[in-house]
1. Name the single residue that is least open to solvent (accessible area, probe 1.4 Å) among those in the stretch 97-118 being touching a helix residue (DSSP H, G or I) at 6+ places or on another chain (Cβ under 7 Å) and within 22 Å of Asp207 (Cα to Cα).
2. Only one residue in Leu18, Leu56, Leu85 is surrounded by 15 or more Cβ atoms within 10 Å (Cβ to Cβ), hydrophobic (A, V, I, L, M, F, W, C) and modelled with pLDDT under 95, so which one is that?
3. For the stretch 52-67, which residues satisfy the criterion of being free of Cβ contacts under 8 Å to residues at least 24 places away in the same chain and either under 18 Å from the mean Cα position of the chain (by Cα) or not in a loop (DSSP other than H, G, I, E, B) (or both)?
Amino acid sequence: MKYLDMKYSTKALVLPLLFTTIACGKSQDSGSYQLTFNERMNRQAYLGSTESTMYLHGYDRLAPVKGKGSFSIDKIKGDSSTLVLLMELSGQEGFSFAIPGKQTGRSWRFTAKSGELSVADNGEVNGSLTASAKEITWKGRLFDDELMLDVKIKYLKSGGGVPAESILNTHFELLRSGDQQGGNGQQGCTIVWESRPVFNVYEGGVDLIYVPVCH
């Protein structure tokens with residue numbers, strides 16, 4: 001799997017990679033409302049579809065590309081945990097990244113010199129940060145049963161075949177899978193938690209993170 005700072009091939013540009021997030025969700029379970037963020041999210045897999053559009057130089061729009069994505073947390077220790085977002089295409093192109101932060105009750109926040117990202121008590125997701133010469137903006141909503149998210153990546157420098165000022169937008173529509181069912185209506189999908197290399201936007205480099213995989 002390619003990462004946030006991956007090198008893009010010409011073919012990968014024709015099949016643009018992905019990143020944008022707006023969120024809307026539906027229900028908040030009254031029982032889960034008493035849980036902290038980490039308790040509510042522990043071993044919960046949000047899986048579903050993505051659609052990404054790249055704008056080369058910020059204005060030359062390429063055709064949108066569909067893929068699949070997941071959202072979860074890992075490395076839980078006390079109030080700390082790491083948010084993990086993955087997207088991949090059928091051809092194994094895509095991105096993955098992890099953001100370490102801390103909960104306060106039902107909310108969660110990452111704060112650093114590079115920017116911040118938060119999940120509010122009501123599930124509203126907002127954030128803007130800079131990592132690996134990319135400006136990343138989050139906007140969406142996390143519900144007990146659904147995540148709707150748009151992530152916008154602006155390339156501050158050219159790299160991997162992508163010109164500076166290019167913008168990559170990815171829209172995520174993910175459903176909470178539970179233990180046995182895949183998100184987005186996937187029937188007969190068993191979730192297996194597998195260790196994968198994921199780009200750490202805070203420290204740079206790659207961490208081994210447990211992520212949900214639909215089998």
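1. Ranking the candidates gives Trp108 first.
2. On the way: Leu56 fails: modelled with pLDDT under 95; Leu85 fails: modelled with pLDDT under 95.
Only one candidate passes the filter, namely Leu18.
3. The answer is Asp60, Arg61, Lys66.
The values are calculated or read from the model by the stated rules, or taken from the named source; none is laboratory data. Keep in mind that this is a model prediction, so the values were computed, not measured. With ideal geometry, Cβ positions are generated from the backbone for all residues, glycine too; neighbour counts draw on all protein chains shown. Please note that ligands, DNA and RNA were not included when accessible areas were found on the heavy atoms of the full protein model with its side chains. Shrake-Rupley method; radii C 1.70, N 1.55, O 1.52, S 1.80 Å.
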